[in-house]
Amino acid sequence: MIHGFIMHMVCPFLGTVGYAVLFNVPKRFYLSCGLTGMAGWLVYHAIASQTLSAAFASFLGTMAVVFLSRVLSVEKKCPITVFLVAGILPLVPGAGIYYTVYYLVTNQLAEAARRGMDSVKVAFAIVLGIVFILTLPGELFQRMAGWRRKVRKG
């Protein structure tokens, strides 16, 4: 059990950092990118393990990623896309898209349609999660960053 939990922390962290390396994110942001991807996956996994839909779990995981990305972008003074694009990676329904194409090629159209609709639901959930958090005013995150700086200073 503990081994599985550690794997659900390490794998998304390393995958997100690997993606950041591949797309030339500055080295000083690797840890933050990894933590963003790991946080999104842990929220997704916690919700999905409760047998709720993958789309709903993806929606909540995406909201966590976007919220954390906005906080980090203000804290680190860099664009949100540095953290957002890398952090979303573990939530993208890659296997669902792969199996949709596989079932299309093998002429199993009913299964391809089922997998394709599941993948589209997850993709829309990701988009909605991004939109919901990005509609929050930026001043909220500026205030949060200012509050955190005051707490650090003493």
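Within segment 103-124, restricting attention to residues that are more than 25 Å from ALA57 (Cα to Cα) and more than 29 Å from the chain's Cα centre (by Cα), which residue is least open to solvent (accessible area, probe 1.4 Å)? Checked segment 103-124; the qualifying residue least open to solvent (accessible area, probe 1.4 Å) is THR106. Pairs needed: first member in segment 94-112, in a helix (DSSP H, G or I); second member anywhere, exposed (fewer than 11 other Cβ atoms within 10 Å of the Cβ) and of a type in the set (Ser, Thr, Tyr); C-beta distance under 9 Å; at least 6 residues apart or different chains. From segment 94-112, the pairs are ALA112/THR106. So is TYR19 in contact (Cβ under 8 Å) with a residue 40 or more places away in the chain, among the aromatic types (Phe, Trp, Tyr) and touching a Ser or Thr at 6+ places or on another chain (Cβ under 8 Å) or not? It is false that TYR19 is in contact (Cβ under 8 Å) with a residue 40 or more places away in the chain, among the aromatic types (Phe, Trp, Tyr) and touching a Ser or Thr at 6+ places or on another chain (Cβ under 8 Å). Scan segment 34-60 for residues that are farther than 20 Å from VAL120 by Cβ and either touching a strand residue (DSSP E or B) at 6+ places or on another chain (Cβ under 9 Å) or of a type outside the set (A, V, I, L, M, F, W, C) (or both) and the total you get is 7. So is PRO79 at pLDDT 90 or above, open to solvent by less than 30 Å² (accessible area, probe 1.4 Å) and under 26 Å from LEU136 (Cβ atoms) or not? In short, no.
Kindly indicate whether ARG115 is among the basic types (Lys, Arg), in contact with a helix residue (DSSP H, G or I) (Cβ under 6 Å, 6 or more places away or on another chain) and either free of Cβ contacts under 8 Å to residues at least 60 places away in the same chain or not in a helix (DSSP H, G or I) (or both). Spell out how you get there, then give the answer.
Numbers: among the basic types (Lys, Arg): yes; in contact with a helix residue (DSSP H, G or I) (Cβ under 6 Å, 6 or more places away or on another chain): yes; either free of Cβ contacts under 8 Å to residues at least 60 places away in the same chain or not in a helix (DSSP H, G or I) (or both): yes.
Taking the combined requirement at face value, the residue satisfies it.
Residue by residue, here is whether (1) over 18 Å from LYS76 (Cα atoms); (2) modelled with pLDDT of 95 or more; (3) surrounded by fewer than 17 Cβ atoms within 10 Å (Cβ to Cβ) holds:
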position	(1), (2), (3)
ILE2	yes, no, yes
ILE6	yes, no, yes
CYS11	yes, no, yes
GLY15	yes, no, no
ALA20	no, no, no
ASN24	no, no, yes
ILE47	yes, no, no
GLN50	yes, no, yes
SER53	yes, no, yes
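Taken as a whole, the structure places VAL131 among residues that are loosely packed, with under 14 Cβ neighbours inside 10 Å and at negative phi.
The values are calculated or read from the model by the stated rules, or taken from the named source; none is laboratory data. Fair warning: this is a prediction, and the values are worked out from it, not measured in the lab. Cβ sites come from the backbone with ideal geometry, for glycine too, and all protein chains shown count toward neighbours. Only protein heavy atoms, including side chains, enter the accessible area calculation; ligands, DNA and RNA are left aside. Shrake-Rupley method; radii C 1.70, N 1.55, O 1.52, S 1.80 Å.
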